[in-house]
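The values are calculated or read from the model by the stated rules, or taken from the named source; none is laboratory data. All of these numbers come straight from a predicted model, not from anything done at the bench. Here Cβ is always computed from backbone atoms with ideal geometry, including for glycine, and neighbour counts include all displayed protein chains.
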Number of protein chains: 2
Amino acid sequence: MSDEMLCIDYRRLESVYGPLAQSIRRLVDLSIRTEADPETVASAKAKIDSAADELSASARPGPFGVQVTPDGQTIAWGNAVIGLRNPVAPPLVIHHEPDGLVWSEFTLGAAYEGPPDHAHGGVSALILDHVLGATAHKLDRPVYTGTLTLRYRRRTALGRPLRAEAHIERTEGVKTFSVGHIADEDGVTVAAEGIFISPKT
Amino acid sequence: MSDEMLCIDYRRLESVYGPLAQSIRRLVDLSIRTEADPETVASAKAKIDSAADELSASARPGPFGVQVTPDGQTIAWGNAVIGLRNPVAPPLVIHHEPDGLVWSEFTLGAAYEGPPDHAHGGVSALILDHVLGATAHKLDRPVYTGTLTLRYRRRTALGRPLRAEAHIERTEGVKTFSVGHIADEDGVTVAAEGIFISPKT
């Protein structure tokens, strides 16, 4: 099979499994918000269990891992932050600017709640770990968080447009020192700095 | 309605909505792992969409929030870490020892992946934010993260028994200084320290 055909295959798989995950994200949200009566919940649960049985007939034994396409694209469809096939992930779409700035714009729903109507502090940490780490990311080479420090200035609201961004401050050997934040339309809500390790192998 | 009846009602609701969320957690995992063909995925997706339509007919407009039962228990069923009704949450069960130690034992599946076969660094941050924060938690009074620092000693594996624990080092007015970690059977994988704020109101 040619490289081009393999790439087309990934796009085809994306069009099959992407909408499935999106439907499950809607279900995750409704699991939290529904006020349906027990009979309706039992009916919905039966359909969900039946769908899961169908999907389980053919499934890889472990997690998705990270795959690299012939044209060098990283496929991390199971990733907890950006995974196209992972309904736990919002999922974030990460943008890389030529000057090294990494950013993502997103909105968080009911599934990311901590204090009432606001994002869980740990969800902001989850997102910032990923966005800061993405500044150090090289193709097909994983990056590991060394240390991460988060400073919470005020609460981060659910249901409002948010933006996360990060850039590299400096590098020292295998270490990348990055800084970044999450902001809403009124400014920064959480600031972060981190050291990320790129193993030499 | 008596207080006792309200408590019973929460237990009844738990028995309705808890199993629904558990079924959706299985679906989340299969969304990542299934290798079903497009026809099977389309069939499963149709059932999922139908279940979501049923559940959406009666749903609260916003996130779940935090409710307090007449006997003083906090109901945070939408919480991203402990939420019984939130399929994004593993969910963690948090234990409070008389000496102030807070701990939770859990295993992370495919939905929490970062590097292949390992937990996303941000997922460890999410969990530690919650477990450290729980040391400062008072009934019906929210606690906000002020700062959180994470030190990653080595990777945290998916599919292995893990334990998170934390305790208070000291308090200063509204500030609680807490430390903790995640460990597997070979020792600590991620250590954390945080300052948590308990507003006076």
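The table below lists the values:
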item	result
Residue in region A:8-19 that is modelled with the highest pLDDT, counting only those that are loosely packed, with under 15 Cβ neighbours inside 10 Å and at the interface with chain B (Cβ under 9 Å from one of its Cβ atoms)	A:19
Among the residues listed as B:126, B:84, B:132, B:92, the single one being within 24 Å of residue A:132 (Cα to Cα) and touching a residue at least 60 places away in the same chain (Cβ under 8 Å)	B:132
Unique match (being more than 22 Å from residue B:87 (Cβ to Cβ), buried (at least 17 other Cβ atoms within 10 Å of the Cβ) and facing another protein chain (nearest Cβ under 9 Å)) among A:81, A:66, A:88	A:66
Set A:109, A:100: member being surrounded by fewer than 24 Cβ atoms within 10 Å (Cβ to Cβ) and out of contact with any Pro (no Cβ under 8 Å at 6 or more places or on another chain)	A:100
Filter result for residue A:48 (surrounded by 24 or more Cβ atoms within 10 Å (Cβ to Cβ) and β-branched (Val, Ile, Thr))	yes
Within region A:135-163, considering residues that are of a type in the set (D, E, K, R) and more than 11 Å from chain B (Cβ to nearest Cβ), the one farthest from residue A:97 (Cα to Cα)	A:160
Strands (runs of 3 or more DSSP E) wholly inside region A:87-201 that include at least 1 residues being in contact with a His (Cβ under 6 Å, 6 or more places away or on another chain)	A:102-106, A:187-197
Filter result (facing chain B (nearest Cβ under 7 Å) and crowded, with 23+ Cβ neighbours inside 10 Å) within region A:112-126	A:112, A:113, A:114, A:120, A:121, A:122, A:123, A:125, A:126
Hits in region A:69-78 - residues which are without any contact (Cβ under 8 Å) to a residue 60 or more places away in the chain and either surrounded by fewer than 21 Cβ atoms within 10 Å (Cβ to Cβ) or at the interface with chain B (Cβ under 7 Å from one of its Cβ atoms) (or both)	A:78
Only one of B:23, B:56, B:31 that is more than 23 Å from residue A:37 (Cβ to Cβ), of a type in the set (Gly, Ala, Ser) and at pLDDT 95 or above	B:31
Among residues of region A:51-63, those that are out of contact with any Lys or Arg (no Cβ under 7 Å at 6 or more places or on another chain), among the hydrophobic types (A, V, I, L, M, F, W, C) and buried (at least 20 other Cβ atoms within 10 Å of the Cβ), counted	1
Search result, residues across region B:41-50 that are facing chain A (nearest Cβ under 7 Å) and of a type outside the set (Lys, Arg)	B:41, B:43, B:44, B:48, B:49, B:50
Extreme residue, surrounded by the fewest Cβ atoms within 10 Å (Cβ to Cβ), among residues of region B:20-40 that are within 20 Å of residue A:43 (Cβ to Cβ) and more than 7 Å from chain A (Cβ to nearest Cβ)	B:22
